[in-house]
1. Cα centroid distance between the stretch 58-96 and the stretch 198-260, in Å?
2. Can you give me the long-range amide H partners of Ser57? Hydrogens built in the peptide plane at 1.01 Å from N, cutoff under 5 Å, separation of 5 or more residues or another chain.
3. Please arrange His111, His228 by counting, for each residue, the other beta carbons lying within 10 Å of its beta carbon, fewest first.
4. Got a sec? Charge dipole of the stretch 66-201, +1 on Cβ for Lys and Arg, -1 for Asp and Glu; which of Ser192, Leu129, Trp110 is way out at the positive end?
5. With the Cα gyration tensor of the chain in hand, convert its eigenvalues to equivalent ellipsoid semi-axes via √(5λ) and list them largest first in whole Å.
6. Show me the ranking of peptides 250-258, 214-222, 174-182 by mean Cβ neighbours inside 10 Å, starting with the highest.
7. Skipping prolines and chain starts, which residues have an amide H placed within reach, meaning under 5 Å, of the one on Gln177, given they are 5 or more residues away or on another chain?
8. Sort 287-294, 34-41, 200-207 for me by packing, meaning the mean count of neighbouring Cβ atoms within 10 Å per residue, highest on top.
Amino acid sequence: MSGFEVADAVIVGGGAMGCSLAYHLSREGLSVVLCERGELGSQSTGRCAGGVRQQFSSELNVRLQRISVRLLQQFADDVGSPCSFRQIGYLMLLSTPGEVASFQQQLRMWHTAGLTEASWVTPDEVGELAPSVSRDGILGATFCPTDGIASPNDVTQGYAAGARRLGAILLTETEVQGVDVQGGRVVAARTSRGRISTPLVINCAGAWAAEVTAGIGVRLPVVPYRRHIFVTGACPAISSDSPMTVEVATSFYFHPEGDGVLFGMGERDEVPSFDVDVDWRVLETIQPVMESRVPALLDAGIRTAWAGLYEVTPDHQPLLGPVGEPDGLWCACGFSGHGFQQAPAVGRILAQMIADRPVDLDLSPFSPGRDLAVSQPEANFI
Ligand SMILES: Cc1cc2nc3c(=O)[nH]c(=O)nc-3n(C[C@H](O)[C@H](O)[C@H](O)COP(=O)(O)OP(=O)(O)OC[C@H]3O[C@@H](n4cnc5c(N)ncnc54)[C@H](O)[C@@H]3O)c2cc1C
C-alpha cells in the first residue's frame, strides 16, 4: 500500500453516505481515505428508488431534508456535475380518518419548520395532479412540489469525483476488516490492503454497519431487510412529470422512470436477511393494490425488477455522530430506507461537527447513544 497509510479520517463504505461525507470532509480540509469493499454505490444506494421528500413525520427530518433539497438544487454548482434532481413533487394519498388527522397535524408542523410549499389536496385535486390514480376511497392528500427524485448514481459519483478533486483517496475492492483501539481511542483501520493510521473512523457501511464495529464490542442496532423495486414497460398513461405518489395505507408508491414507471411497496411478515434475490411472489401481493389504485400500470407489463436492503433501526431514525467509546469512532448509518435523500445534508453537517465548526442543524437527537425506548419514531415510507 502506498500513499494512504495515514489519514485524518477513514470512511467505511462508498455508498451515497460515504461519498457525501468524503466530499464534505475534504472541503473542510481533512485528509480522507474511503474504503469500499465492492464498487462505489453498488449496494443499497444503487438499488434505491431515488426518492427525495421533505414530508417526514419528525420535525428534525423535515428540517434535515430541507437542507438536502437545497444541496441537490445547487449540486452542479457546488460539486461540479449534475445530479438529475427532478422536483416532480410527492403526493401522499390518505384513505382513513386516522391518516387524515395525522397528516393535517403534520402539515401544520411542516409549515412551522419552513416547508410552506406543502399543501392539503382534495380528492378532486388528486385527479388533476395524478389523473391515472383512482380516487376511490381517497379522503384527501398532501402534496409538496419541491420534493422529487434524483439519480443515485449521479449523486454518488458526483460526490466521489468532487472528493477526489479535493485530494481524498477513494479505494474500491478494499474491505475494512477491523478497527484498532489503544487507550480507549481509535488509532487505525485495518483493511484488506493494509493498515491506515487514523484517529477517526466513520462507519458508513449501510446494512452491514453492525458487522463493522462488532469486532470491538460496539453493538449497533442496524438490521437488514430486503425491499423490491419493479419497473414497467412504456406507460403513456403516466407522464414523465407525474409526482412520486405514495398510498399511505399500504405504502405502495410509484414514480415515472424513463418511458415506464418504477414502483414498490413495504413488505409484511418480513424477516431480517441479507438476501437480495428477487422473490416474484412479492409482485403478486402488490398487484391487487395496483389494480385498485393505478390500473393503467397493469397494462404496461414488467420490464425489470431488483431487490436491495433497508438498514433498519428500532425507531426508524439514523445513527449519526460519535458512538462515545472508543473515542474517534463515528456512525452515519441506520437510515431505515431514507439514506439516499439524507446523505447530502448528513454529510455536510457531520463534516461541520468533525471540523468543530458551527452546524446547520443540531443532530444530537440522532446520536447513536440515544435512548431508543423514548426516541420519536419516524413513519416508514419510501
Ligand atoms: C428498494 C429500495 C428503495 C429505496 N428507496 C429509497 C428512496 O427512494 N429514497 C431514499 O432516500 N432511500 C431509499 N432507499 C434507502 C437507501 O437506498 C439507503 O438508505 C441508502 O442508499 C444508504 O446509503 P449508504 O451509503 O448508507 O449505504 P450503501 O449504499 O449500502 O453503502 C454502504 C457500502 O458499505 C460497503 N461496506 C459494507 N461493509 C464494508 C466493509 N467492511 N468495508 C468496506 N466497505 C463496506 C458496502 O459494500 C456498501 O457499498 C431505498 C432502499 C431500497 C433497498
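Every read-out reported here was derived from the displayed coordinates using simple, explicitly stated rules and does not represent laboratory data. Keep in mind that this is a model prediction, so the values were computed, not measured. Every residue, glycine among them, receives a Cβ derived from its backbone with ideal geometry; neighbour counts consider all protein chains shown.
1. That distance is 15 Å.
2. HN-HN under 5 Å from Ser57: Ala379.
3. Working: His111 14, His228 21.
Ascending number of Cβ neighbours within 10 Å: His111, His228.
4. So the residue we want is Ser192.
5. Details: eigenvalues 261, 89, 76 Å².
Rounded to whole Å, the semi-axes are 36, 21, 20.
6. Details: 250-258: 20.8, 214-222: 15.4, 174-182: 17.7.
Ranked by mean Cβ neighbours within 10 Å, highest first: 250-258, 174-182, 214-222.
7. Arg190, Thr191, Ser192
8. On the way: 287-294: 16.6, 34-41: 22.4, 200-207: 28.1.
Put in order of decreasing packing, that is 200-207, 34-41, 287-294.
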